[in-house]
Each structure stands twice: as structure tokens, then as C-alpha cells.
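The values are calculated or read from the model by the stated rules, or taken from the named source; none is laboratory data. Small disclaimer: the values here were computed from a predicted structure and weren't measured. Every residue, glycine as well, gets a Cβ built from its backbone with ideal geometry; the counts of neighbours run over all protein chains shown. Ligands, DNA and RNA are excluded from the accessible area calculation, which covers all protein heavy atoms including side chains. Shrake-Rupley method; radii C 1.70, N 1.55, O 1.52, S 1.80 Å.
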Amino acid sequence: MRHTILARRYAKALFSLGKEQGKTEEYSGMLGALAGLYADGAAGVGDAVTNPLYPLDVRQKVMAKIAGSMQADAIMTSFLNLLIEKKRADILPDIAEAMQGMVDKDQNISHGSIVSAVELDNALLEKIQATLEKLTGNKVILETQVDPSIIGGILAKVGDLVLDGSIKTQLNGLKESIKGRE
């Protein structure tokens, strides 16, 4: 919980600076790439900038090299250096996630998922996406999953909106209505 609140604060600060510069997407992309390095464990990047056993100046040099390789501007470089100074580099993946959420909200983008019993073709996915965009009023980016246990139909989720047209749910509903009549 504490990291989430801190991450949102840092993301909000960088978002507002990025908004002034017109670089919110660029900053979010850089944070996302850095978070990916943390997750992959690529060459110990996460450890190199978060491990307190390394001296502060070494951690700052590592982060400066990373910022330089990403061609980060002065604001982003200062932000990354601030994370090192304040010993907050460990929450960078959380900051990246919060920042991406802010950018998506600013651009009216929602993320959703579609679960189906079989692989859906592109034409059907486009129709589903268009319908969800009409319902939410936002551009929708969908992830698809195949789950044979739903038997047929689809289960669509976008934010708080859940549309369950799966046969499994319909059968469970029918089962409950039959039990209720006994």
C-alpha cells in the first residue's frame, strides 16, 4: 500500500512536468522500458540501482548511464537521479505503472480483456472492440485469452464493466433457477 501511494506521487509529479513539456508518452515509455529491465533482471540493473551495499555515487553513475543510453532529457535524468537519492529506485516499476495509467486516462484509453472458448478472428475482435468503445466512450485496447472451460461465448472486461455472455455462466444461472424451484 505504501509503495502504491508513493509511486502515484512520483508518477503524478513526472506526469505534470511531462504535460508541461508535451512529453507524457515519452516519459511513460522510458519508465516502462526501465521497469522492463527490472523485471527481466537484465544484467542486474534493478540490483545495481537499488542495492544499498553499492555506494550512492556508483548507483547514480549507473542510473546516469541508463538515462544517457535512453537519450533521456534533463527532466527525466533529474527524476531518475532523484529516485536514487531518495532511495526510491525500488518502486520504479510501480511508478511506471501509475504513470501509464495517468497517460491512458489523459488520452481516454481503457484496457480490457476478452476471454473466449476458441480463438477469435480479427473481424470479430474488431466488432467487439468497436462495441466496447461505444459503451465506454474510450478507445479500448484489448488482450485476448482462450479458456475452453467457458464452453462458448465470450467474457469481456473493461475497467469496471463486465459483460459475461459465456455458456458456462448461462448454464450456472439455469442450474440455480432450477434449484430455486425445488
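Taking the stretch 146-160 on its own, how many of its residues are of a type outside the set (S, T, Y), surrounded by fewer than 13 Cβ atoms within 10 Å (Cβ to Cβ) and outside any loop (DSSP other than H, G, I, E, B)?
Total meeting the criteria: 2.
Looking only at residues that are among the hydrophobic types (A, V, I, L, M, F, W, C) and without any contact (Cβ under 8 Å) to a residue 12 or more places away in the chain in the stretch 59-93, which one is farthest from L6 (Cα to Cα)?
Per the criteria, the residue is A74.
Being part of a helix (DSSP H, G or I) and of a type in the set (D, E) is the filter here; which residues of the stretch 129-145 pass it?
Pass one, the stretch 129-145, residues part of a helix (DSSP H, G or I): 129-136.
The answer is E133, and nothing else.
Among the residues of the stretch 122-132, is any under 30 Å from L31 (Cβ atoms), open to solvent by 60 Å² or more (accessible area, probe 1.4 Å) and in contact (Cβ under 8 Å) with a residue 12 or more places away in the chain? Show your work before the answer.
To start, the set of residues in the stretch 122-132 that are under 30 Å from L31 (Cβ atoms) comprises 125, 129, 132.
Subset that is open to solvent by 60 Å² or more (accessible area, probe 1.4 Å): none.
Among the residues of the stretch 122-132, not one is under 30 Å from L31 (Cβ atoms), open to solvent by 60 Å² or more (accessible area, probe 1.4 Å) and in contact (Cβ under 8 Å) with a residue 12 or more places away in the chain, which makes the answer no.
Out of (1) closer than 27 Å to K19 by Cβ; (2) at pLDDT 90 or above; (3) open to solvent by less than 60 Å² (accessible area, probe 1.4 Å); (4) among the hydrophobic types (A, V, I, L, M, F, W, C), what's the single condition that is false for V62?
Failing condition for V62: (1).
Just to be sure I understand, how many residues within the stretch 78-128 are closer than 30 Å to P52 by Cβ, in contact with a Gly (Cβ under 9 Å, 6 or more places away or on another chain) and assigned to a loop (DSSP other than H, G, I, E, B)?
Summing the residues that are closer than 30 Å to P52 by Cβ, in contact with a Gly (Cβ under 9 Å, 6 or more places away or on another chain) and assigned to a loop (DSSP other than H, G, I, E, B) in the stretch 78-128 gives 0.
Can you tell me which residues in the stretch 137-161 are of a type in the set (V, I, T) and under 10 Å from I114 (Cα atoms)?
T144, V146, I154, V158
Considering only residues that are free of Cβ contacts under 8 Å to residues at least 12 places away in the same chain and acidic (D, E), look in the stretch 101-121 and name the one that is farthest from K168 (Cα to Cα).
D104
Open to solvent by 40 Å² or more (accessible area, probe 1.4 Å), modelled with pLDDT of 95 or more and among the aliphatic types (A, V, I, L, M), is that true of M102? Break it down into steps so the answer makes sense when it comes.
Numbers: open to solvent by 40 Å² or more (accessible area, probe 1.4 Å): yes; modelled with pLDDT of 95 or more: yes; among the aliphatic types (A, V, I, L, M): yes.
It is true that M102 is open to solvent by 40 Å² or more (accessible area, probe 1.4 Å), modelled with pLDDT of 95 or more and among the aliphatic types (A, V, I, L, M).
Would it be correct to say that E143 is open to solvent by 50 Å² or more (accessible area, probe 1.4 Å) and touching a strand residue (DSSP E or B) at 6+ places or on another chain (Cβ under 7 Å)?
yes
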